[in-house]
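The structure appears below as structure tokens.
The values are calculated or read from the model by the stated rules, or taken from the named source; none is laboratory data. If you're wondering where the values come from, they're calculated on a predicted model, not measured in any experiment. Quick reminder, even Gly has a Cβ in these numbers, built from the backbone with ideal geometry, and neighbours come from all protein chains shown. For the accessible areas, the whole protein counts, side chains as well, though only heavy atoms, and no ligand, DNA or RNA atoms are used. Shrake-Rupley method; radii C 1.70, N 1.55, O 1.52, S 1.80 Å.
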Amino acid sequence: MSTEVKSIAVIGAGTMGSGIALVSAMTGIKTYQVDVSDAQLERSKAGHTKIMGRNVEKGRMTAEQAEAAAGLLTYTTSMTDAKDVDWAVEAVFENAELKKGIFKEMQATFRDDIVLASNTSSISITDVATAVGDADAPRVIGMHFFNPVPVMKLVEVIKGLATSEETTARTIALAERMGKVPVPANDRAGFVSNRVLMPMINEAFYAWMEGVAEPADIDSIMKLGCNFPMGPLRLADFIGLDVCHDIMMVLHRELGDPKFFPCPKLRQLVTAGRLGDKSGQGVFEYGKK
Ligand code: CAA
């Protein structure tokens, strides 16, 4: 396997992919931000400019460093433009079939000596790796970043059944180079982060639905009493209620325990298209989008 990572392809320019691409470029790595949508790429680029501008204002980086990082970013709708990269990380929607399709495309496009990582937040790495077959499964791994990627320190590193030690060691090394703290977890639905976080968020919806307290009070109690930076319902809006719902469905299906079934209140908001920050309305109001 190639060892020095000088270039990366990040497939998917949504919140997570965009954040990963920015952190990669700020690490000094040539970064291809790939997405099927030009509009999404535009949004990602605008977000990068805004965050780096704020970093310069706050004195966290110089204008020259921001310019250098911007110069390392290429936005493209064609994966082929990135065909020579040394690393690929997929960050598309949390949908197993979609992810598998992307992995097949990555396998066909990129060199056969690079790591193929997935930013999956609950879907099994072993399952995703079936898309590339036994020969390539050792170079498939989970590299789970957290939102907002530039701020959150953790990368949860998930080994699938066939992931090699070399792939794992290289993933840990790259995450550390990006200034992150990699922590290993095994390939069970939700890994550790979402196995613990999502049922807690789901329970906050039950507390609201049962009238234990109003949403703002549930959040205040958890912020002031448990030192959470955001209350669980505000965090659910921030993550996206559809994402929370989909992760609970994966936990429910894979682990088989009814306790993982999404709360009816969460399901109702998702059905109504109230998805949180991104739609302007979720548990709380953010102004129409
Ligand atoms: N991109 C880059 N930087 C950002 C940012 C973003 N999207 N959002 C906030 N920041 C930076 C700000 O610039 C600010 O830095 P300075 O003060 O030095 O300028 C710093 O973060 C704090 O931001 P704010 O003052 O605006 O607000 P805050 O103190 O409330 O912090 C927060 C915001 C970092 C998001 C904080 O509320 C927090 O940590 N919330 C919890 C986030 C969390 O739990 N994330 C994990 C979600 S789960 C997940 O991602 C995985 C999954 O699979 C679902």
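Just one residue in the set Lys104, Lys83, Lys99 is over 21 Å from Phe145 (Cβ atoms) and under 20 Å from the mean Cα position of the chain (by Cα); that residue is Lys104.
Of the residues making up segment 57-74, none is aliphatic (A, V, I, L, M), outside any helix (DSSP H, G or I), away from the ligand (no atom under 16 Å from the Cβ) and within 20 Å of the chain's Cα centre (by Cα).
So for segment 204-219 (the condition being within 13 Å of the ligand (Cβ to nearest atom), without any contact (Cβ under 8 Å) to a residue 24 or more places away in the chain and not hydroxyl-bearing (Ser, Thr, Tyr)), does at least one residue qualify? Within segment 204-219, one or more residues are within 13 Å of the ligand (Cβ to nearest atom), without any contact (Cβ under 8 Å) to a residue 24 or more places away in the chain and not hydroxyl-bearing (Ser, Thr, Tyr). Considering Glu90, Glu166, the condition of being surrounded by fewer than 21 Cβ atoms within 10 Å (Cβ to Cβ) and not hydrophobic (A, V, I, L, M, F, W, C) is satisfied by Glu166 alone. Residue count for segment 134-155 under the criterion of being farther than 18 Å from Glu166 by Cα and either more than 11 Å from the ligand (Cβ to nearest atom) or open to solvent by 40 Å² or more (accessible area, probe 1.4 Å) (or both): the result is 8.
Could you list, in sequence order, all residues of segment 19-43 that are without any contact (Cβ under 8 Å) to a residue 40 or more places away in the chain and either closer than 17 Å to Ile172 by Cα or in contact with an Asp or Glu (Cβ under 9 Å, 6 or more places away or on another chain) (or both)?
Once the filter is applied, which keeps residues that are without any contact (Cβ under 8 Å) to a residue 40 or more places away in the chain and either closer than 17 Å to Ile172 by Cα or in contact with an Asp or Glu (Cβ under 9 Å, 6 or more places away or on another chain) (or both), segment 19-43 yields only Leu41.
Screening Arg177 against (1) buried (at least 21 other Cβ atoms within 10 Å of the Cβ); (2) basic (Lys, Arg); (3) assigned by TED's automatic domain parsing to the domain that holds Val151 leaves a single unmet condition, (1). Restricting to segment 23-44, give me the number of residues that are in contact with a helix residue (DSSP H, G or I) (Cβ under 8 Å, 6 or more places away or on another chain), under 19 Å from Glu4 (Cα atoms) and in a helix (DSSP H, G or I). The qualifying residues number 2. Within segment 246-289, the residues that satisfy the criterion of being surrounded by 16 or more Cβ atoms within 10 Å (Cβ to Cβ) and of a type in the set (Asp, Glu) are Asp246, Glu254, Asp277. The C-beta contact set for segment 222-244 (first residue assigned to a helix (DSSP H, G or I), second residue within 8 Å of the ligand (Cβ to nearest atom), distance under 6 angstrom, 6+ apart or interchain) comprises Met222/Phe228; Ala236/Cys244.
Scanning segment 214-235 for residues that are touching a helix residue (DSSP H, G or I) at 6+ places or on another chain (Cβ under 8 Å) and farther than 17 Å from Glu285 by Cβ returns Met222, Phe228, Pro229, Pro232.
What number of residues in segment 260-289 are outside any loop (DSSP other than H, G, I, E, B) and either under 14 Å from Gly190 (Cα atoms) or hydrophobic (A, V, I, L, M, F, W, C) (or both)?
If we filter segment 260-289 for residues that are outside any loop (DSSP other than H, G, I, E, B), which is where we start, we get 260, 264-271, 276-279, 281, 285.
Imposing the further condition that a residue be either under 14 Å from Gly190 (Cα atoms) or hydrophobic (A, V, I, L, M, F, W, C) (or both) reduces the set to 260, 266, 269-270.
Of the residues in segment 260-289, 4 are outside any loop (DSSP other than H, G, I, E, B) and either under 14 Å from Gly190 (Cα atoms) or hydrophobic (A, V, I, L, M, F, W, C) (or both).
If you go through segment 44-56 and keep only what is without any contact (Cβ under 8 Å) to a residue 60 or more places away in the chain, within 13 Å of the ligand (Cβ to nearest atom) and open to solvent by 30 Å² or more (accessible area, probe 1.4 Å), you end up with Ala46, Thr49, Lys50, Gly53, Arg54, Val56. The residues of segment 220-245 that are open to solvent by less than 20 Å² (accessible area, probe 1.4 Å) and touching a Pro at 6+ places or on another chain (Cβ under 7 Å) amount to a single one, Leu233.
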